[in-house]
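Since the structure comes first, as structure tokens, the remarks are kept for the end.
The values are calculated or read from the model by the stated rules, or taken from the named source; none is laboratory data. Everything numeric here is computed off the predicted structure, so don't read it as measured data. Positions of Cβ are backbone-derived with ideal geometry, glycine not excepted, and every protein chain shown enters the neighbour counts. Ligands, DNA and RNA are excluded from the accessible area calculation, which covers all protein heavy atoms including side chains. Shrake-Rupley method; radii C 1.70, N 1.55, O 1.52, S 1.80 Å.
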Amino acid sequence: MPRKEKFYLTTPIYYTNGLPHIGHTYTTVVADVVRRYKRMRGYEVVMTTGTDEHGVNVERAAKKAGVPESEFVARMATAWRELWNELGLSADEFVRTTDLKHVRTVQWLFKLCKENGYVYKGHYTGQYCIYDNAFVNDAKPGDNCPDCGRPTETVTEENYFFKLSAFQKPLLDFYQKNPAFIQPETRKNEIISFVESGLKDLSITRTTIRWGIPVPGEEPHVFYVWFDALTAYLSAVGGPEYEQRGMWPADVHLVGKDIIRFHTVYWPAFLMAAMLPVPKQVWAHGWFLMDASKMSKSKGNVVLPRPIANMLGMDALRYFLLRDVVFGQDGNFSYDALVTRYNSDLANGLGNLASRTAAMIERNFAGRLPKLGPRQPQDDALANETQSAIGEVLERYENMEFARALEAIWAVIGAADKYLTTEQPWALGDSEADTQRKAAILWTTAELLRIVTALAHPVLPESTTKVWSLLGQPGAVSGIELEGLRWGQLAADVQLGKAQALFPRVDKTEAIERIEAMANEEQNPQAAPAAAPAAATSSSSGAAAAPAVSEKIGIEDFAKVEMRVGQIKTAERIVGADKLLKLTVDIGTEIRQICAGIAQYYEPEALVGRKVAVVTNLAPRKLRGVESNGMIIAASVGPEGRPVLAGFSEDVEVGARLK
Ligand code: MSP
């Protein structure tokens, strides 16, 4: 079998003096989306990430933590790796710059540059902070150290220099011949004018830093951190033996705009000097800002990914990062915008369309996806709209226009909502003609949903997998070849899969409070009171989450709540409220009607006879117009808040009080 075309993409390797925030998560999410998209386009894809573990900052952080550097970076690398795993973002290769294979690659690259005449020994003069043992880049004589504020001194040290000046013309020629190398276009001019203004040779070794990769035979020289770090892209895919792996050169390096110069000037120059192939593209994205300034640990304004993923699910975070900001530009991060998008586009948009379609197929065709019968022009119009969206979405993905790709997908979802509102399948009866019409409408909606699911998969891997199995479609959605995606390929006459909650609606204020409480706890584990793992509840009244910060209550407060053992007598679905079940429950003294937000997880028939814990003295209220007189207790499990009914492992009498 011929080998698939390869695609190699990278995230930067992250500094180990802190843990990932939304800014880092953004680059990694984009890489993961591109990886999934390219796989669905038939490429053999390798995505790499890693940790940048050398340098004076790590030396300092390890000292502060009172542990040797090697131990400090090992802990940090584990923490980064674990968090990426937890967020579903683990790369195919994870490079640590302290890995032996990386050390070998850096030393090899240096040797090649030296053998080709681009490295020489010289002296570097700069402003040095004797308290911090570090050169202060860009400082002039008389400047103070930006870290400790004390005066810097002018110091000269012996260094190896890289002849960057020799690459001015080769780089400019290269940019001209490869117009797509620097992306977005707006960054290109900035780099070209920097190179045109003249390149100074670059010091690539240091003798004032201990914690670095040694220059063989030249101790105490260690490599300058950027010479070391950039080489990670090559060591990830074979290092000196890169040809065997067949992945080099990289197809795209994804980076933030702050590090574009290192990637588009230094890195290609090092590779040209070593006569190695140069990457095909560097794509620089903007920053996520918090109150208009770049997030940073030292400013204390970082947003953490884990609390958001816990509260709303990782798909929601991925969607927000890509949908709200044009890739390449800066964007402001706000929890308010995040939760608003979640409720409008995910809960009310995709989630609602999927659960409504499935519920109608369930009700009208006993859960079997109908075959398409005679069609009407409006069915064809929706088909055409969806079909032409496919091309547009693929083109947008290809150009890294994620916000516009998602916009085009969501336009199709909007069209489906409109179509259902006009066609009103629920108003049709059971005659042969009406049944055929219902089949056509539901087939059309299901087919649209299948296409939307495949197109959204790179961005929403978890939820689209659920929709795919809900639609009873064969294989995995990740295995769909986007190239061949067409209207009309729906596998019909199949049984729908089990309904699973996709994006339960949340109450904005409560959701934000909970995210912030979890973030607070993660940042100050001792100071913050424990927040229960968050859960978006599936109750129809929005999130009924527990208070984010739990106060202690006295026994007299607890005694106010009356809870009893109840037994479910009947259970049925409520038309138009796909999350709610209407139950009648025997609580010993009377039979109560209670609504419970568990319809997506429990079949009504399976509940009859089951003993449950009921809050019996709750004021009655109406949910979707149906009176509910009491509350059934359930655990809220996992990031989606899957309800699991509380029950009893021993036989208990109906009506017994829980104390
Ligand atoms: N270690 C270097 C990269 C070496 S690559 C050979 C480094 N590390 S970093 O941890 O500081 O940053 C890594 C990436 O995260 C950069 O691309 C940076 O732009 C990105 N972000 C860090 N904060 C960010 C935001 N607030 N918003 C978006 N991305 C930002 O630089």
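Based on the Kirkwood radius over alpha-carbon pairs, what is the Stokes-Einstein translational diffusion coefficient of the stretch 376-418 at 10 °C with 1.306 mPa s viscosity, in µm²/s?
D, rounded to a whole number, is 150 µm²/s.
Out of all Cα-Cα pairs in the chain, roughly what percent, to the nearest whole number, are more than 35 Å apart?
52 percent
Would you mind checking the tilt of helix 432-456 against the longest principal axis of the Cα atoms of the chain, expressed as 0 to 90 degrees and rounded to 10?
With rounding to tens, the tilt is 20 degrees.
With a probe of 1.4 Å, find how much accessible area the stretch 292-385 has per residue, and write the answer as a whole number in Å².
Result: 39 Å² per residue.
Take every Cα-Cα pair in the stretch 194-239 and report what % of them are more than 12 Å apart.
67 percent
Whole number please: convex hull volume per residue of the Cα set in the stretch 112-155, in Å³?
So the per-residue Cα hull volume is 91 Å³.
Taking only Cα atoms, what is the 0 to 90° angle, nearest 10, from helix 56-65's long axis to the longest principal axis of the chain?
Roughly 60 degrees between the two axes.
Quick check: pseudo-label points 7 Å beyond the Cα along Cα→Cβ at Asp138 and Asp336, how many nm apart are they?
Output for this residue pair reads 3.3 nm.
Above 17 angstrom, tally the Cα pairs of the stretch 142-216 and express them as a % of all pairs, no decimals.
Counting every Cα pair in the stretch 142-216, those more than 17 Å apart make up 65 percent.
Accessible area of Glu241, 1.4 Å probe, to the nearest 10 Å²?
80 Å²
Relative to the first principal axis of the alpha-carbon coordinates of the chain, what is the inclination of helix 22-40, with its axis defined by its Cα atoms, in degrees from 0 to 90 and to the nearest 10?
80 degrees
Fully extended, how many nm does the chain gain between Thr509 and Lys659 (0.36 nm per residue separation, minus their Cα-Cα distance)?
Going from the current span to full extension adds 50.8 nm.
Could you provide, to the nearest whole Å², the per residue accessible area of the stretch 163-282 with probe 1.4 Å?
With the other protein chains kept in place, the stretch 163-282 gives 39 Å² per residue.
Put one equal scatterer on each alpha carbon of the stretch 39-84, apply the Debye formula with no solvent term, and list log10 I(q)/I(0) at q = 0.20 1/Å to two decimals.
The Cα Debye sum returns log10 ratios of -0.68.
Multiply the residue gap between Glu190 and Val575 by 0.36 nm, knock off their C-alpha separation, and tell me the result in nm, one decimal place.
Stretched out fully, the Glu190 to Val575 stretch lengthens by 132.7 nm.
If we restrict to alpha carbons, what Rg and Dmax does the stretch 80-189 come to, in Å?
19.8, 49
Given the Cα-Cα distance of Arg621 and Ala492 and 0.36 nm per residue of separation, how much length would full extension add, in nm?
This chain segment gains 42.3 nm when fully extended.
What distance in nm separates the two pseudo spin-label positions at Arg245 and Ala180, each 7 Å out from Cα along the beta-carbon direction?
Between Arg245 and Ala180, the label points sit 2.3 nm apart.
Take the Cα coordinates of the stretch 1-60, assign each an equal point scatterer, and use the Debye formula without solvent to give log10 I(q)/I(0) at q = 0.17, 0.23, 0.24 Å⁻¹.
Results for the stretch 1-60 at q = 0.17, 0.23, 0.24 Å⁻¹ read -0.65, -0.90, -0.94.
Express the relative contact order of the stretch 191-235 as a whole percentage, based on alpha carbon pairs under 8 Å and six or more residues apart in sequence.
29 percent
In the stretch 390-450, how does Rg compare with the Kirkwood Rh, expressed as the Rg/Rh ratio over alpha carbon atoms?
1.17
So if we plug the beta-carbon distance of Ala606 and Ala415 into 1/(1 + (r/R0)^6) with R0 = 41 Å, what FRET efficiency do we get, rounded to 0.05?
0.65
Please report the relative contact order for the chain, taking Cα pairs under 8 Å with a sequence separation of at least 6, and give it as a percent rounded to a whole number.
11 percent
With bins 5 Å wide starting at 0, give me the P(r) of the stretch 345-496 over every alpha carbon pair, in whole percents.
Taking every Cα pair in the stretch 345-496, the percentages come to 2, 9, 21, 24, 22, 13, 6, 3, 1, 0.
Evaluate the Kirkwood expression for the hydrodynamic radius of the stretch 338-415, namely the inverse of the mean inverse distance over all pairs of different C-alpha atoms, and round to one decimal in Å.
Averaging 1/r across every pair of different Cα atoms and inverting gives 14.4 Å.
Take every Cα pair under 8 Å in the stretch 74-209 that's 6+ residues apart, average their separations, divide by the length, and report that relative contact order as a whole percent.
21 percent
Leaving ligands, DNA and RNA out of it, rank Phe174, Phe181 by accessible area with a 1.4 Å probe, largest first.
Phe174, Phe181
Calculated FRET efficiency, Ala427 and Ser649, Cβ-Cβ r, R0 60 Å, to nearest 0.05?
In this case the efficiency is close to 0.80.
Taking the Cβ of Lys6 as the center, what net charge do the other residues with Cβ under 15 Å away carry, scoring Lys and Arg +1 and Asp and Glu -1?
For residues surrounding Lys6, the net value is +2.
Please list Lys63, Lys659, Lys294, Lys188 in order of solvent-accessible area, largest first, computed with a 1.4 Å probe with all protein chains present.
Result of the area sort, largest leading: Lys659, Lys63, Lys294, Lys188.
Of all the accessible heavy-atom surface of the chain, with the other protein chains kept in place and a 1.4 Å probe, what percent is carbon and sulfur?
Its accessible area is 51 percent carbon and sulfur atoms.
Taking every DSSP beta bridge that has both residues in the chain, what percent is antiparallel when rounded to the nearest 5?
In the chain, approximately 70 percent of DSSP beta bridges are antiparallel ones.
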